[in-house]
1. Calculate the radius of gyration of the Cα atoms of region 2-67 to one decimal place, then report Dmax, the largest Cα-Cα distance, as a whole number, both in Å.
2. Please find the FRET efficiency linking D35 to Q77, where r is the Cβ-Cβ separation and R0 is fixed at 25 Å, and quote it to the nearest 0.05.
3. In straight Cα distance, which aspartates and glutamates are under 17 Å from K46, not counting same-chain residues fewer than 8 positions off?
4. State to the nearest 20 debye the size of the charge dipole of the chain about its Cα centre, where the only charges are +1 on K and R beta carbons and -1 on D and E beta carbons.
5. What does the highest-first list of 45-56, 22-33 look like by mean Cβ count within 10 Å?
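Only the coordinates and a few stated rules stand behind these numbers; no lab work does. As the structure is a prediction and not an experimental result, all values here were calculated from the model. For neighbour counting, all protein chains shown are included, and Cβ atoms are generated from backbone atoms with ideal geometry for every residue, glycine included.
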Amino acid sequence: MDYTRTLLQSMEGKISSLRHLEVGTNLRPSEWAYDISLIAKFDSLKDLETYDDHPVHVPVSDRLQELASSIVVVDCQSK
């Protein structure tokens, strides 16, 4: 899990549209819980889309897909 945390944190400061990045690990592992979370904040949907295709993010995403048994994404807007 340390590798995954480091991998996610490696994007910090390298993608201009990424305003905030926070990586958390699950304190109460169970069969229905995920091990790690990423909270990424953007100013707009366009900035999120820029991040999706960014050359720093793409290899991180590809590597996570190789490592993980499943990944869940929630794109939401705070009010």
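1. For region 2-67, the Cα-based Rg and Dmax read 12.6, 36 Å.
2. Working: r = 26 Å, r/R0 = 1.03.
Rounded to the nearest 0.05, the efficiency is 0.45.
3. Leaving aside aspartates and glutamates fewer than 8 places away in the same chain, those within reach of K46 are D75.
4. Working: 8 positive and 13 negative charges, 53 e Å.
Roughly 260 debye, rounded to the nearest 20.
5. Values: 45-56: 13.4, 22-33: 9.3.
Final packing ranking: 45-56, 22-33.
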